[in-house]
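Undergrad: Shown below is the structure under consideration.
The values are calculated or read from the model by the stated rules, or taken from the named source; none is laboratory data. These numbers come from a predicted model, not from an experiment. Positions of Cβ are backbone-derived with ideal geometry, glycine not excepted, and every protein chain shown enters the neighbour counts.
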């Protein structure tokens with residue numbers, strides 16, 4: 001049966017709309033999500049404008065559509081993992097039931113392949129592996145890529161150290177890390193079941209380190225929580241929901257994509273091996289950066305643990321997992337192992353560029369252009385207007401016509417507060433959100 | 001015994017790799033670049049000058065024909081990053097590294 005593009009589009013759009021309009025994903029007015037792991041706002045109206053039949057290109061990876069699709073996918077994946085409120089379920093039973101409802105699970109399963117193809121399909125065009133890959137070529141390429149990554153500059157860390165407000169910059173990076181840090185190794189856990197020989201046990205050795213050998217205080221996600229607390233940041237899952245950059249979510253989603261789809265297993269191992277083999281020096285450098293920003297009070301056990309254990313995980317992932325898998329499972333598996341290495345290398349580079357651009361953006365309030373505005377272009381904000389962040393499609397100006405707005409662009413720190421007659425410029429690709437406690441009118445226009 | 005040498009080609013400037021006197025040529029199918037040994041298994045003819053007919057590459061010397069799919073499956077290990085092609089070519093121990101290079105040829109096809 002041939003399904004027309006229109007039928008396909010209508011079907012996907014209807015599924016996305018029903019999912020996005022369900023209780024856990026409804027909008028809220030506050031810029032942060034507190035104390036409820038089931039609250040993950042989605043903007044159903046902006047999602048409805050997406051043409052799911054036209055996957056993002058690499059050039060569109062930093063875009064509002066990418067942000068929306070990545071948030072949607074993240075909710076799809078994480079509604080397959082167990083979250084319980086830290087302070088207990090009492091009072092949140094309804095959210096619990098809604099988040100894990102059979103209907104939402106059905107919708108998630110239906111929309112997932114389309115959303116995955118839309119958000120990450122460009123990897124098929126950008127990463128191509130051909131030829132016969134024996135283990136010597138595989139190891140040569142992996143070692144070269146590890147060497148390139150380890151010895152590359154770290155402009156994100158340099159930008160944090162040079163930032164006029166180092167805590168705001170570091171907080172934005174930590175918020176991106178929270179995507180994985182607070183649920184660390186959840187994607188990995190999806191490959192622990194089944195039966196795939198000695199490599200299954202090798203993967204499990206890495207996993208038990210991530211889980212602190214069953215000691216909660218040593219679990220990597222606990223160490224990350226300690227880091228957040230010491231830096232004055234919230235530790236609720238997805239407290240900084242609105243401040244995840246699209247590329248940061250996509251990198252996290254990638255690991256769910258290649259674990260949720262069992263045929264992605266070899267890509268997962270390739271990607272995981274590259275990260276594990278490059279994390280130790282990265283976390284060593286990150287620890288120095290965070291120490292320079294926060295001083296002696298910051299708890300760096302999370303960084304120190306990675307700087308140590310990932311020396312072992314890198315070796316284990318490459319020599320006890322990746323190479324034996326390539327030898328045992330042949331050329332198709334070997335190509336996918338290398339594909340995973342290349343895919344995470346590309347995604348990581350794009351995510352670094354995105355976070356770097358966000359960190360380097362220091363918006364300021366300026367006097368607005370006094371020229372008249374078409375009333376039809378004005379947007380009314382009240383204290384009851386749902387909060388949202390978005391990615392600017394082009395360089396634009398947010399101009400306040402009346403009242404006073406709050407413009408957020410980072411996970412921590414105070415927002416800017418332009419009043420009537422004032423404006424803030426937002427560069428293309430930058431994430432920002434606007435709210436107000438008083439009746440306010442704004443207009444967003446291209447530069 | 002041989003070893004592997006990493007060679008980076010910049011497309012479309014480079015379309016071949018020289019390893020001493022051995023030649024490997026790029027061959028694109030479905031947007032994917034393969035790096036194939038040019039030496040015909042029959043009498044050593046130049047496959048890079050061959051023509052593709054009915055999914056087979058024909059050697060210009062004696063007409064030996066090889067399935068493109070099989071040539072690609074046995075091709076050199078290649079990673080394609082946009083216009084950069086990274087290849088791991090087998091190099092005999094007796095061939096020094098300075099005899100291994102990305103190269104540009106005029107193909108007949």
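Undergrad: What are the pairs, 6+ residues apart or on separate chains, where a residue within segment B:88-100 that is within 8 Å of residue B:19 (Cβ to Cβ) and within 12 Å of chain A (Cβ to nearest Cβ) has its Cβ under 7 Å from a residue that is in a loop (DSSP other than H, G, I, E, B) and at pLDDT 90 or above?
TA: Filtered contacts from segment B:88-100: B:89/B:76.
This table checks each residue for (1) buried (at least 19 other Cβ atoms within 10 Å of the Cβ); (2) in a helix (DSSP H, G or I); (3) in contact with a strand residue (DSSP E or B) (Cβ under 6 Å, 6 or more places away or on another chain).
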position: A:106; (1), (2), (3): no, yes, no
position: A:114; (1), (2), (3): yes, yes, no
position: A:164; (1), (2), (3): no, no, no
position: A:169; (1), (2), (3): yes, yes, no
position: A:173; (1), (2), (3): yes, yes, no
position: A:177; (1), (2), (3): no, yes, no
position: A:192; (1), (2), (3): no, no, no
position: A:195; (1), (2), (3): no, no, no
position: A:200; (1), (2), (3): no, yes, no
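Undergrad: Can you tell me which residues in segment A:116-129 are within 14 Å of another protein chain (Cβ to nearest Cβ) and either assigned to a helix (DSSP H, G or I) or free of Cβ contacts under 8 Å to residues at least 24 places away in the same chain (or both)?
TA: A:122, A:123, A:124, A:125, A:126, A:128, listed by residue number.
Undergrad: Out of (1) within 14 Å of chain A (Cβ to nearest Cβ); (2) exposed (fewer than 14 other Cβ atoms within 10 Å of the Cβ); (3) modelled with pLDDT under 95, the odd one out for residue B:8 is which?
TA: (3)
Undergrad: Looking at segment A:407-422, which of its residues are touching a strand residue (DSSP E or B) at 6+ places or on another chain (Cβ under 6 Å) and buried (at least 19 other Cβ atoms within 10 Å of the Cβ)?
TA: A:407, A:408, A:409, A:418
Undergrad: Considering each of A:340, A:314, A:348, A:330 in turn, give the residue that is free of Cβ contacts under 8 Å to residues at least 40 places away in the same chain and not in a strand (DSSP E or B).
TA: A:330
Undergrad: Quick test for you: out of A:343, A:388, pick the one residue that is within 28 Å of the chain's Cα centre (by Cα), crowded, with 17+ Cβ neighbours inside 10 Å and under 30 Å from residue A:269 (Cβ atoms).
TA: A:343
Undergrad: Of the residues B:20, B:50, B:63, only one is more than 9 Å from chain A (Cβ to nearest Cβ) and in contact with a helix residue (DSSP H, G or I) (Cβ under 7 Å, 6 or more places away or on another chain); which?
TA: Residue meeting the stated conditions: B:20.
Undergrad: Of all residues being at the interface with chain A (Cβ under 7 Å from one of its Cβ atoms) and surrounded by 17 or more Cβ atoms within 10 Å (Cβ to Cβ) in segment B:66-85, which is nearest to residue A:340 (Cα to Cα)? Just the residue, please.
TA: B:79
Undergrad: Which members of segment B:32-47 meet the condition of being within 12 Å of another protein chain (Cβ to nearest Cβ) and either out of contact with any strand residue (DSSP E or B) (no Cβ under 7 Å at 6 or more places or on another chain) or within 14 Å of residue B:59 (Cβ to Cβ) (or both)?
TA: B:36, B:37
Undergrad: A further question follows. When you go through A:132, A:70, A:63 one by one, which is the residue that is in contact with a strand residue (DSSP E or B) (Cβ under 8 Å, 6 or more places away or on another chain), in contact (Cβ under 8 Å) with a residue 40 or more places away in the chain and away from chain B (no Cβ under 14 Å)?
TA: After applying the criteria, what remains is A:63.
Undergrad: Is it the case that segment A:140-147 has a residue that's crowded, with 19+ Cβ neighbours inside 10 Å, touching a strand residue (DSSP E or B) at 6+ places or on another chain (Cβ under 8 Å) and modelled with pLDDT of 95 or more?
TA: yes
Undergrad: Only one residue in A:195, A:178 is at pLDDT 95 or above and under 20 Å from residue A:289 (Cβ atoms). Which one?
TA: Result: A:178 is the single residue among A:195, A:178 that is at pLDDT 95 or above and under 20 Å from residue A:289 (Cβ atoms).
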